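Below: one structure, written as structure tokens.
The values are calculated or read from the model by the stated rules, or taken from the named source; none is laboratory data. Values in this document were obtained by computation on a predicted structure and should not be read as measured data. When we count neighbours, we look across all protein chains shown, and the Cβ atoms used for this are built from the backbone with ideal geometry, even at glycine.
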Amino acid sequence: MLETKRTLPLLVILALILSTLACNLPGTGGASAPDDVARAVAETLAVEDLTGDGPPPEDAPPPDAGPPDEAPVGPTDTPEPSATPTITPTPTPSVPMVSVSVNTNCRTGPGTAYDLVGGLLVGDTAQIVALSSVNNYVVIELPDGTGRDCWLWMQYGTQTGDTSGLPVLSPPPTPTPPPPAIAFSMAFYDMDPCAGKEVMFYRVVNTGEAIVRSYSISAENLDTSETVSNQGSGIARSAGCIVLAPPLTFEPGETGYLTAGFTPPIAGQTIVATITLCTEAGLGGECTSQSLTYAMGFPSDVNAKENFAAVDTQHILERLLALPITSWRYIDQTREGRHIGPMAQDFYDAFGVGEYETSIQVVDAYGVAFAAIQALAEQNAAQTAQLAELEAQQAALQARLAELEQQKTVPSALLLTTLVLAGLTAGWLLAQRHRTPGEPLER
């Protein structure tokens, strides 16, 4: 009995499945599918009632048969298949995208005051992730795969897709502007003796946008290793041993002078100086530095020299004539005016003198000039002697020419005299032929 009760639910489920499949078999007619299902359920329940606590009666109809008073359902005409209903998908909003007709920058906010983080090129597309409360801007995800967002100006943008569900963002705070740029130029100005020191004066010009409030200068004599340095808050506006108290600020565009004093003598020695200017007192704030190397004039005392050797002045002159000479301005030069002269590299290649290939030491420039002057003097003396010889030769030729002219004149006069005498003689003879004999001659 317990086994029968366990089997009944399975029989009910099996009957439902079989009735459903029977409705879908091709060529099956008769009652509609819902009627068949209902009948199958009723028959199954009837079977359950008949079973009771014991086996079903022998005259009970089989579970899959119809009621006793119902004739079996015979085949009927095949019904026309009903049309399967078409499922219309619910439209999904398209992803909003943007493209540009001109390469356009993309920034951390709407405007050029914000930092530049990337851009959108012509032919690229980017997803719009938010709208902007500032007109004509959208927020996009950069198409470089970094996942960064930025604000794109839509002046050249074309939008596609639905943006109605996107958030609207307000601009972030404007970035803090960078501090004014600090910059300056420096150049050697002069050297003067002051208080027992030989002082180097350096001209500095504030070429930046920031106000300078402090400075430092450190200089070293490369020949003696002497080092001097000082710092302060005021830059002198004039070059001299004694200056008035300078202003505490060095404004953009102003020119000033800083100094470094060395133990004399420094002639012929090389000084390298480094100047630092800062925007705050005590070398605070933003700072920038520049360095300059300058070679002083050399002494000419014979006792300070050695390894003497003669030079070919004519060779030096030939090299000097081939040396390129141009007009130019220094890069850090602030005052108007141009300079003229050779380049240090050309000078070094031509004469091979000096300790630096990037500067012309005064002693070498003077030496080349003196040698060239001597070579020109030698050429001038030789040309003067040659000219005197040519003039002597010309005088001798002129004397010889005069002599020849004289010799040409004497034969001509003799011939003329001879002709005259011959004519007179002929005339006298004719006169004698026609004279009567004994007639006296006319006087």
message: Please verify whether Ala392 is over 30 Å from Leu321 (Cα atoms) and either modelled with pLDDT under 75 or assigned to a helix (DSSP H, G or I) (or both), treating the condition exactly as stated.
response: yes
- prompt: Does Arg148 count as of a type in the set (Lys, Arg) and either surrounded by fewer than 15 Cβ atoms within 10 Å (Cβ to Cβ) or within 30 Å of Gly268 (Cβ to Cβ) (or both)?
  reply: yes
query: in contact (Cβ under 8 Å) with a residue 24 or more places away in the chain, surrounded by 12 or more Cβ atoms within 10 Å (Cβ to Cβ), part of a strand (DSSP E or B) and not assigned by TED's automatic domain parsing to the domain that holds Cys278: does that describe Val139?
result: yes
field: Complete set of residues in region 182-221 that are among the acidic types (Asp, Glu) and at pLDDT 95 or above
entry: Glu220
task: With the checklist (1) surrounded by fewer than 13 Cβ atoms within 10 Å (Cβ to Cβ); (2) in contact with a Cys (Cβ under 6 Å, 6 or more places away or on another chain) in hand, flag the one item Cys241 doesn't pass.
output: (1)
message: Among the listed residues Asp190, Asp149, identify the single one that is closer than 30 Å to Val95 by Cβ and either of a type outside the set (Phe, Trp, Tyr) or touching a helix residue (DSSP H, G or I) at 6+ places or on another chain (Cβ under 8 Å) (or both).
response: Asp149
query: Counting only residues that are surrounded by 11 or more Cβ atoms within 10 Å (Cβ to Cβ) and under 37 Å from the mean Cα position of the chain (by Cα), which one in region 157-173 is farthest from Pro96 (Cα to Cα)?
result: Pro172
message: Here is a list: Thr276, Thr224, Thr270. Which entry is of a type in the set (Ser, Thr, Tyr) and touching an Asp or Glu at 6+ places or on another chain (Cβ under 7 Å)?
response: Thr270
- prompt: Got at least one residue in region 313-321 being β-branched (Val, Ile, Thr), surrounded by 13 or more Cβ atoms within 10 Å (Cβ to Cβ) and out of contact with any strand residue (DSSP E or B) (no Cβ under 9 Å at 6 or more places or on another chain)?
  reply: yes
- prompt: When Tyr330 is evaluated against the numbered criteria (1) more than 39 Å from the chain's Cα centre (by Cα); (2) within 30 Å of Asp190 (Cβ to Cβ); (3) assigned to a loop (DSSP other than H, G, I, E, B), which criterion, by number, is the only one it fails?
  reply: (1)
query: Does region 205-216 contain at least one residue that is surrounded by 15 or more Cβ atoms within 10 Å (Cβ to Cβ), of a type outside the set (Gly, Ala, Ser), touching a Lys or Arg at 6+ places or on another chain (Cβ under 8 Å) and farther than 20 Å from Ala273 by Cα?
result: no
